[in-house]
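Colleague: One structure, as structure tokens, below. Some questions next.
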Amino acid sequence: MFNLRRFDRSTSVFIGLLVISFLLATFDVRSQGTGASAGLREGTQALFGPLQRAAGFVLTPVVGLVDGISDLAGLREENELLKAQVRELERELADTATLRNQVAELEAINGLEPPEDLNAITARVVAASPSEFDFTRIIDIGTEDGVLRGMPVIDENGLVGRIIFVSDSFSQVRLVTDPSLTVGVRVKETNETGTVTGQGSGPLRVEMYGAKEPIEEGFRLVTAGSRFPPGIDVAVVTEASRSEASFTLTTRADPVIVVSKLDFVKVIVDWDPLELPEDIPEETDPGEAPPAVSEEEL
Amino acid sequence: MSGRNTLIALGLVVVAAVLQSTILADSRLQAFGSAPSLVVLVVIASVRYMEPEPAVLLGFTGGLLMDLLGGQPIGMWALVLTVVAYITLRLRDAADDGPIVIAAGVLGITLLAGALWVVLGTILGLKPLADPSAIRRIILPAMYNVVVAAAVLPGVTWLMRPRSPIRRGWAT
């Protein structure tokens, strides 16, 4: 079955690369994405950012076409006679429909006022992470536009996430749905504070510490301040809950953003997060220990 | 000849990574919220026609590229794709080239890649299992890869086999 002798050298290379990979990952986790790894990412993003933007530009009509055709599947089944005509029309209109949606979204986001009159820069989402398990997006502005690591990102619905990496012309945003990002929130209706943590494609996990009042379905959660400007919509509670004997209240909430429809976003460029004590990690990025209660912006 | 195939494989991995992060990341093209793991598939397909050491290095390089384009710690996908390349290398002679065996291999190796990523992510504190659809994110891309393999594997064969000294073929 296996010829071990034949793969002796490759096995050595394999083991060596495994060790290197694990050391790299450990190093990157410890450095929290700064240092040499940030330089590597910057170089890669500088190289691939334009490629990704070009690929997105070229392939968007294809996506629109496929999307349009799939939307018409039911109609085709009902009326075979109209199938060819509709498909042809859809092919022609796919680009227009996509453009119209983008214009509407751009108009909406340009009408959005960032909280507390903070300056914000509009950006476009040009790519996502190639990994199925990674909830990040690449946007087409970077340090040349004044973007810095840690800046909040919003869209017309509310909080999108935060900048975790910046190159000259591109930035990477960790979405609020990412399991490694925790955001401090305040319940708009009761003014109590807690945190929300992403759960990938699932609803956000809400934790309130020592909450005195129950939380009801439909309550709105907004940023509490510190790491993000206060008052930005984050999520809407989907399950009522109350804390028993002052223990932690835990419930779920749907993010206000629609991750699958992120196209244009705004980066709040002049928000200065409060300084945190030195013994508290700067942010809850991948690989850090699970966030403590005090780690985020309560 | 081996160098030529290595260059072709690297080019394919780059193209796959760009497609994965753009068109395949578009939710309008995703069925049930997932897409094929194109980079994984290209590594599986390419390793078939490469010498052992470059093949393992290809997996590492492809994974490193995915790490650098994504937001996870650098080294995670590098480790996963190194394992993918090595396992493909070890199995390529054992497997008959029948389509069912190949499909099973693609399915199994892609499943393993997803599962390994989740295990690594858990070890490194990324909490991938906090996502209720984590299992779906492992299974669906593997199933899609089997479908997409019908086009990718013969394509890679066509690109890499003619001048390769190694007589193996996904398409034969």
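The values are calculated or read from the model by the stated rules, or taken from the named source; none is laboratory data. Remember, it's a predicted structure, so these values are computed and weren't measured experimentally. Glycine gets a Cβ as well: all are built from the backbone with ideal geometry, and neighbour counts include every protein chain shown.
Colleague: Could you check segment B:32-48 and list, in sequence order, the residues that are surrounded by 20 or more Cβ atoms within 10 Å (Cβ to Cβ) and either of a type in the set (Phe, Trp, Tyr) or part of a loop (DSSP other than H, G, I, E, B) (or both)?
Modeller: B:ALA35, B:PRO36, B:SER37, B:ARG48
Colleague: Something else about it: Taking the residues in segment A:171-180 that are modelled with pLDDT of 90 or more and either assigned to a loop (DSSP other than H, G, I, E, B) or more than 14 Å from chain B (Cβ to nearest Cβ) (or both) as candidates, determine which candidate is farthest from A:PRO214 (Cα to Cα).
Modeller: A:ASP178
For every residue, the table says whether it meets (1) touching a residue at least 12 places away in the same chain (Cβ under 8 Å); (2) within 14 Å of chain B (Cβ to nearest Cβ); (3) surrounded by fewer than 17 Cβ atoms within 10 Å (Cβ to Cβ).
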position: A:ARG186; (1), (2), (3): yes, no, no
position: A:THR197; (1), (2), (3): yes, yes, no
position: A:ARG205; (1), (2), (3): yes, yes, no
position: A:GLY210; (1), (2), (3): yes, no, yes
position: A:GLY218; (1), (2), (3): yes, no, yes
position: A:VAL237; (1), (2), (3): yes, no, no
position: A:SER241; (1), (2), (3): yes, no, no
position: A:LEU249; (1), (2), (3): yes, no, no
position: A:PHE264; (1), (2), (3): yes, no, no
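Colleague: To continue, here is another question. Could you say whether any residue in segment A:235-253 is out of contact with any Asp or Glu (no Cβ under 7 Å at 6 or more places or on another chain), hydrophobic (A, V, I, L, M, F, W, C) and under 28 Å from A:ASN119 (Cβ atoms)?
Modeller: Among the residues of segment A:235-253, not one is out of contact with any Asp or Glu (no Cβ under 7 Å at 6 or more places or on another chain), hydrophobic (A, V, I, L, M, F, W, C) and under 28 Å from A:ASN119 (Cβ atoms), which makes the answer no.
Colleague: In addition: When you go through B:LEU129, B:LEU112, B:LEU140, B:LEU153 one by one, which is the residue that is closer than 11 Å to A:PHE133 by Cβ and of a type in the set (A, V, I, L, M, F, W, C)?
Modeller: Answer to the selection: B:LEU129.
Colleague: Taking segment A:171-199 only, how many residues are of a type outside the set (D, E, K, R) and under 15 Å from the mean Cα position of the chain (by Cα)?
Modeller: 15
Colleague: Which residue, of B:LEU68, B:LEU29, B:LEU58, B:LEU91, is at pLDDT below 90 and either facing chain A (nearest Cβ under 7 Å) or crowded, with 24+ Cβ neighbours inside 10 Å (or both)?
Modeller: Residue meeting the stated conditions: B:LEU29.
Colleague: Scanning segment A:17-35 for residues that are more than 9 Å from every other protein chain (Cβ to nearest Cβ) and part of a helix (DSSP H, G or I), which turns out surrounded by the most Cβ atoms within 10 Å (Cβ to Cβ)?
Modeller: A:SER31
Colleague: Among what's in segment B:115-166 and is assigned to a helix (DSSP H, G or I) and charged (D, E, K, R), pick the residue that is farthest from the other protein chains (Cβ to nearest Cβ).
Modeller: The selected residue is B:ARG136.
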